[in-house]
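The values are calculated or read from the model by the stated rules, or taken from the named source; none is laboratory data. Source: prediction; values computed, not measured. So basically every Cβ, Gly included, is an ideal-geometry build from the backbone, and we count neighbours across all protein chains shown.
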Amino acid sequence: MIEFNYQNNFEPLGDLEYSNWLNAVAVSEQKTIGNLSYVFCSDEFLLEINQSYLNHDNYTDIITFDYNEDGLLNGEIYISTDRVVENASRFRESETDELHRVMVHGLLHLCGYPDKTNEEKDVMRKLENEKIKMFHVKQ
């Protein structure tokens with residue numbers, strides 16, 4: 001089950017469309033989603049989480065809490081919609097494309113992909129691009 005929670009006025013296009021896409025991404029990685037929660041929030045909300053739980057004092061676009069168990073993808077993915085809007089402008093992407101990138105980025109972390117080294121970041125970016133293309137494919 002995938003839940004979408006909104007701590008601000010931001011809402012994606014449609015929960016069912018996003019759920020179908022994210023489930024298809026998981027299946028493409030031979031994974032199954034158990035309980036997954038996306039929380040769309042402000043910079044300040046995510047900064048507080050970053051400080052409280054990760055001891056980081058900086059803004060970020062996403063924080064993923066991995067609660068995987070019994071072979072199922074379980075977790076909470078917090079996304080700063082403020083960062084999505086700013087990064088879209090900075091990288092000359094549409095806000096929708098940037099939102100998709102961040103959403104799938106969190107799911108790929110739950111699938112086991114790290115992004116600490118440059119090589120891992122390259123793999124992550126390639127996978128993000130591949131999975132974003134799946135969004136408009138009928139499931």
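What the table shows:
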item: Hits in the stretch 118-139 - residues which are outside any loop (DSSP other than H, G, I, E, B) and either among the β-branched types (V, I, T) or in contact (Cβ under 8 Å) with a residue 40 or more places away in the chain (or both); result: V123, K131, I132
item: Residue satisfying condition, being part of a loop (DSSP other than H, G, I, E, B), surrounded by 12 or more Cβ atoms within 10 Å (Cβ to Cβ) and either at pLDDT 95 or above or not aliphatic (A, V, I, L, M) (or both), within set D115, D82, D57; result: D115
item: Residue among E98, E44 that alone is under 20 Å from K126 (Cβ atoms), without any contact (Cβ under 8 Å) to a residue 60 or more places away in the chain and assigned to a helix (DSSP H, G or I); result: E98
item: Lone unmet requirement of (1) out of contact with any strand residue (DSSP E or B) (no Cβ under 7 Å at 6 or more places or on another chain); (2) closer than 23 Å to E3 by Cβ; (3) of a type in the set (G, A, S) for G106; result: (1)
item: Candidate set: the stretch 1-54, residues that are buried (at least 16 other Cβ atoms within 10 Å of the Cβ) and aromatic (F, W, Y); chosen: the one modelled with the lowest pLDDT; result: F10
item: Residue match in the stretch 47-55 (condition: touching a Gly at 6+ places or on another chain (Cβ under 8 Å) and more than 15 Å from S28 (Cβ to Cβ)); result: no
item: Given (1) in contact (Cβ under 8 Å) with a residue 12 or more places away in the chain; (2) in a helix (DSSP H, G or I); (3) polar (S, T, N, Q), index of the condition Q51 fails; result: (1)
